[in-house]
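Here is the structure we will look at, set down as structure tokens.
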There are 2 protein chains.
Amino acid sequence: MVNGQPQRGPTIYDVARAAGVAPSTVSRAFSRPGRVNAETAERIRAVAEELGYRANPLARALPTGRTALLALVISDVTNPFFFDIIRGAEEAASKAGYTLLVADAHESATAERETLERMITLVEGVVLATSRMSDSAIRVIAKQRPTVVLNRALTDVPSVLTDNARGMRRAVEHLAELGHHTITYVAGPEASWADGMRWRSLHDGAYELELRSRRIGPFPPTVRGGRLAAIELAAHPTSAVVCYNDLIAIGVVRGLTELGARVPAEVSVIGFDNIFGSDFCSPPLTTVAAPLRALGDQSIKRLLAQLRNSAPTESRPTMLPAQLVVRESTARPGRRRKAWTRAAAVGAAALSSADQPSKRSPTAASAATSPGTRARTPE
Amino acid sequence: MVNGQPQRGPTIYDVARAAGVAPSTVSRAFSRPGRVNAETAERIRAVAEELGYRANPLARALPTGRTALLALVISDVTNPFFFDIIRGAEEAASKAGYTLLVADAHESATAERETLERMITLVEGVVLATSRMSDSAIRVIAKQRPTVVLNRALTDVPSVLTDNARGMRRAVEHLAELGHHTITYVAGPEASWADGMRWRSLHDGAYELELRSRRIGPFPPTVRGGRLAAIELAAHPTSAVVCYNDLIAIGVVRGLTELGARVPAEVSVIGFDNIFGSDFCSPPLTTVAAPLRALGDQSIKRLLAQLRNSAPTESRPTMLPAQLVVRESTARPGRRRKAWTRAAAVGAAALSSADQPSKRSPTAASAATSPGTRARTPE
DNA sequence: CAAGTCATGGCAACCGCTTGTCATGAACGG
DNA sequence: CCGTTCATGACAAGCGGTTGCCATGACTTG
């Protein structure tokens, strides 16, 4: 395009003139089905088509406030956790005739607020996925536009949650069954509501099953954060680790491996969310799968319900089930536990020995065997 | 919030009344710095602050056309390829005071066109990343709004590209150095411009280095697509495979492994893009790294330049360098090539034997060893 | 046949901000 | 002392739709 100004197309006035009716009639022909004589409407539609008329969403939104835009604020685009959430949300939104504005908060409450500030006036509703903002900041938002929070509970603000408690419970049971006695929780961001929830559930579950639990962290919810955690883990070894999320878990596995610990032979690691990549990392991660797509879908649906009813429909949180996916990062505890800790204590980048493939029974039917793999790390 | 209608805040009229000036003066106090007496402006600003006045972007955009919105259309949110592109783009956009609208085309030209249709009137400019639309469809878009295409060349439409040719050349050289004689290219979507480009470069490079090349596909650019490709590869074995992208490469590796072929001992696999996950899959992928972040950043910058100059500034494509990242999915060709093909021919889900860890020299200094890993696949 | 209904289309007033144009008066120069 | 110039602020016309209300005329009904 040549000129800088956005091109303006034909307006209802042009259509009206061409069709020999009033602009208001053109408007109604489109937005108010029965309000206009069928034949007239048809004629108008034909003329509009011919002229290439396209309603200007801005102009429409100005008097009505209906922008047909919904915002989905996520804490980090770079986190695969949000893939399917976005997908689910996008689908639900566009099916309802809305366009989704995806905004990234860069894991920062400030950035989140600023971004929100910028687009709140533009959208009809907001989904805050894994928000890093304070409760009160969220309430400020909720006062301006219908709001739904994802993976966070907040009185008076509708929310959709994963059943972390049950998921975590299953993870703990799994480890208990394998024979572990102590579980270490690798914590994620302090600002994360889910993090507190998960830790509490682990703690309670462990208590009931008579296991010991401890917690380290917080760590950034990234692969890098997980590797940091691995170093700390090396200092105080356990046989079983549950991580805030898969990203951390992947980092932990890699970090431990580099430090010479074998996963799962010496340390079992469980992640959370079942993100893209958790099945093809090495070893494939045992993880508590979040219903990602459904989370996105449901949060938009709740938002739409609110938009329609013009009142926060019953504010009980929507609770979606989690599911333990057992892969190959967990096994019964071995005994060579001290070996790698010492190695780690000595130096950094490991000089371990573990060479024979781990022996554990595959959890599912199919059982092809793959060659070993090295753990070099070109970060 | 209680009422359904988006809340309307104070307007310039309210501010004007409270400050005892005309609305136009309030408007200018904000948008036209020197146009209003400094003291008056200060007073207005104070009153506005006190009233909590926030300019309504819609109302502002209506007469001016300046929505401060930019669209980034990507072919699939679920593809990690776009992570850092989005990041880079988002950053560049918000630094320039624009908000980025990220839209997903679901790998479909139709969906892409529809989405675009819906938001083109809303945005000031468009970046088409890895578009699946036809050239002519893109030109139609470009006629309506300033447009930049990413990873695609198109006369008259500014573009930013990765130097695929050179990257592919490096990949081919790498395989040649290792001693491979034939290279199979696993093709991605036919609608992808980059796909054609990559294949051509591979073909040419192979020719010059006196290797043989062939091509299979197209396959969907997903892990799943890669596994499909693996089956086809099993029918016509080669020692070296270059894939359209990392996702396919990961799928190929997994598929081959399940079929009983050892990677890289029997088959070397190279991916493209260096996406999230390509470093922690098993084995870590040798890949041609695209400058993802820079791609996002540069495409927005070009778009902004166009927006400012109100004319497509010099239309030479911006070319960004690619880089071969050698990890562990490539090695010199082995001889047991026939083994896995037969196995594959026999049945599907593999029953291979390969058990001893592969032996190859790590490419970099550090060299910790990890235990073997199973290839079960809970898809 | 008069009065009441109803379907249909037009008029005009917004929505909130931008901006071209003009009025006003102070400062300034000759 | 008068005519210019300039800074400042107000007026009002849009931008492109939406929508409440009214006018018109056809049709129904008693």
(request) Let me know the mean shielding of B:86-98 by other chains, meaning the per-residue number of their Cβ atoms within 10 Å of its Cβ. (result) 2
(message) Tell me the angle of helix A:164-178 to the major Cα principal axis of chain A, expressed in degrees between 0 and 90 and rounded to the nearest ten.
(response) 20 degrees
(request) Starting from a label point 7 Å past Cα on the Cβ side, list the distances from residue A:97 to the same position in the other copies, nm, shortest first. (result) 3.5
(message) Sort A:123-133, B:136-146 by packing, meaning the average of other beta carbons within 10 Å per residue, with the highest value first.
(response) A:123-133, B:136-146
(request) Would you mind listing the distances between the residue B:9 label point and the same position in each other copy? Use 7 Å along Cα-to-C-beta, nm, one decimal, shortest first. (result) 3.2
(message) Under 5 Å between amide hydrogens, which residues at least 5 positions from residue A:69 or on another chain qualify, with H placed 1.01 Å from N in the peptide plane?
(response) A:99, A:124
(request) Tally the DSSP beta bridges in the protein assembly as shown and give the antiparallel ones as a percent, rounded to 5. (result) 10 percent
(request) Compute the length gained on full extension between residue A:155 and residue A:31: take 0.36 nm times their separation in residues and subtract their Cα-Cα distance, giving the result in nm to one decimal. (result) 40.9 nm
(request) Please report the orientation-averaged projected area of the protein assembly as shown, defined via the convex hull of its C-alpha atoms, in nm². (result) 36.1 nm²
(request) For chain B, find the longest principal axis of its Cα atoms and tell me its angle to the long axis of helix B:337-346, 0 to 90°, nearest 10. (result) 80 degrees
(message) Could you check the spin-label model distance between residue B:118 and residue B:177? Points 7 Å from the Cα along Cα→Cβ, value in nm.
(response) 4.8 nm
(message) What does the charge count around residue B:226 come to, taking other residues whose C-beta lies under 11 Å from its C-beta (Lys +1, Arg +1, Asp -1, Glu -1)?
(response) +1
(message) Taking the Cα of residue B:62, stepping 7 Å toward and past its beta carbon, and measuring to each backbone N in region A:49-76: which are under 11 Å?
(response) A:58-65
(request) Give the value in nm², to one decimal: projected area of the alpha carbon convex hull of region B:12-55, averaged over all directions. (result) 2.5 nm²
(message) For chain A, set up a GNM with springs between Cα atoms under 10 Å and report which of A:209, A:62, A:175 has the largest fluctuation.
(response) A:62
(request) Along Cα→Cβ, 7 Å out, is where each label goes; now give me the distance between the ones at residue A:108 and residue B:144 in nm to one decimal. (result) 3.5 nm
(message) So if I place +1 on the C-beta of Lys and Arg and -1 on the C-beta of Asp and Glu, and nothing else carries charge, what would the dipole magnitude of region B:12-55 be about its Cα centre? I want it in debye, nearest 20.
(response) 200 debye
(request) Could you rank the peptides A:77-87, B:317-327 by their average count of other C-beta atoms within 10 Å per residue, with the highest value first? (result) A:77-87, B:317-327
(message) Once the cut-off is 22 Å, how many percent of the Cα-Cα pairs in region B:1-126 end up in the long-distance tail?
(response) 54 percent
(request) Note down the accessible area of residue B:238, probe 1.4 Å, to the nearest 10 Å². (result) 10 Å²
(message) Residue by residue through region A:150-161, what is 3J(HN,Hα) from phi via Karplus (6.51 cos²θ - 1.76 cosθ + 1.60, θ = phi - 60°)? Round to whole Hz and write x for glycine and proline.
(response) 10, 6, 6, 10, 7, 5, 6, 10, x, 9, 10, 10
(request) Among B:46, B:15, B:33, pick out the residue whose Cα is farthest towards the positive end of the charge dipole of region B:12-55, where Lys and Arg carry +1 and Asp and Glu carry -1 on C-beta, about the Cα centre. (result) B:33
(message) Check which residues have an amide H placed less than 5 Å from residue B:161's amide H, if you skip close sequence neighbours.
(response) B:151, B:318, B:319, B:320
(request) Enter the per residue convex hull volume of region B:193-309, computed from alpha-carbon coordinates, in Å³ rounded to the nearest integer. (result) 119 Å³
(request) Hey, could you grab the Kirkwood Rh for chain A? Inverse mean 1/r over distinct alpha carbon pairs, Å, one decimal. (result) 23.5 Å
(request) Taking each label point as 7 Å beyond Cα in the direction of the beta carbon, state the distances from residue A:224 to the same residue in the other copies, shortest first, in nm. (result) 3.3
(message) Helix-only mean residue ellipticity at 222 nm, chain B, DSSP H runs n ≥ 4 weighted -39,500 (n - 2.57), per residue, nearest 500. What is it?
(response) -13000 deg cm²/dmol
(message) Just to be sure I follow the rule: in the protein assembly as shown, considering lysines 8 or more places apart or on different chains, how many pairs have Cα atoms under 20 Å apart?
(response) 6
(request) Work through the residues other than residue A:105 whose Cβ is under 10 Å from its Cβ and net out their charges, Lys, Arg +1 and Asp, Glu -1. (result) -3
(request) Only Cα pairs under 8 Å and at least 6 apart count here; give the relative contact order of region B:12-55 as a rounded whole percent. (result) 41 percent
(message) With a 1.4 Å probe and all protein chains kept in place, how much accessible area does residue B:228 have, in Å² rounded to the nearest 10?
(response) 90 Å²
(message) Explain nothing, just compute: Karplus ³J(HN,Hα) = 6.51 cos²θ - 1.76 cosθ + 1.60, θ = phi - 60°, for every residue of region B:39-49 in order, whole Hz, x for Gly and Pro.
(response) 5, 4, 4, 4, 4, 4, 4, 5, 4, 4, 4
(request) For residue B:288, list long-range residues whose amide hydrogen, built 1.01 Å from N in the peptide plane, is under 5 Å from its own amide hydrogen. (result) B:271, B:272, B:273, B:274, B:325
(request) Mind grabbing the accessible area of residue A:173 for me, 1.4 Å probe, Å², rounded to tens? (result) 50 Å²
(request) Pull out a ≥ b ≥ c, the square roots of the eigenvalues of the alpha-carbon gyration tensor of region A:186-228, then state rounded if a/c is under 1.5, prolate if not and a/b is larger than b/c, and oblate in the remaining case. (result) oblate
(message) Given an 8 Å cut-off on Cα distances and at least 6 residues of separation, report the relative contact order of chain B as a percent.
(response) 16 percent
(message) Could you check the spin-label model distance between residue A:319 and residue B:55? Points 7 Å from the Cα along Cα→Cβ, value in nm.
(response) 4.8 nm
(message) Students often check this: by mean Cβ neighbours within 10 Å, which of A:213-224, A:291-302 ranks highest, and how do the rest follow?
(response) A:291-302, A:213-224
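The values are calculated or read from the model by the stated rules, or taken from the named source; none is laboratory data. This one's a predicted model, so the numbers in the text were calculated from it and none came from an experiment. When we count neighbours, we look across all protein chains shown, and the Cβ atoms used for this are built from the backbone with ideal geometry, even at glycine. Only protein heavy atoms, including side chains, enter the accessible area calculation; ligands, DNA and RNA are left aside. Shrake-Rupley method; radii C 1.70, N 1.55, O 1.52, S 1.80 Å.
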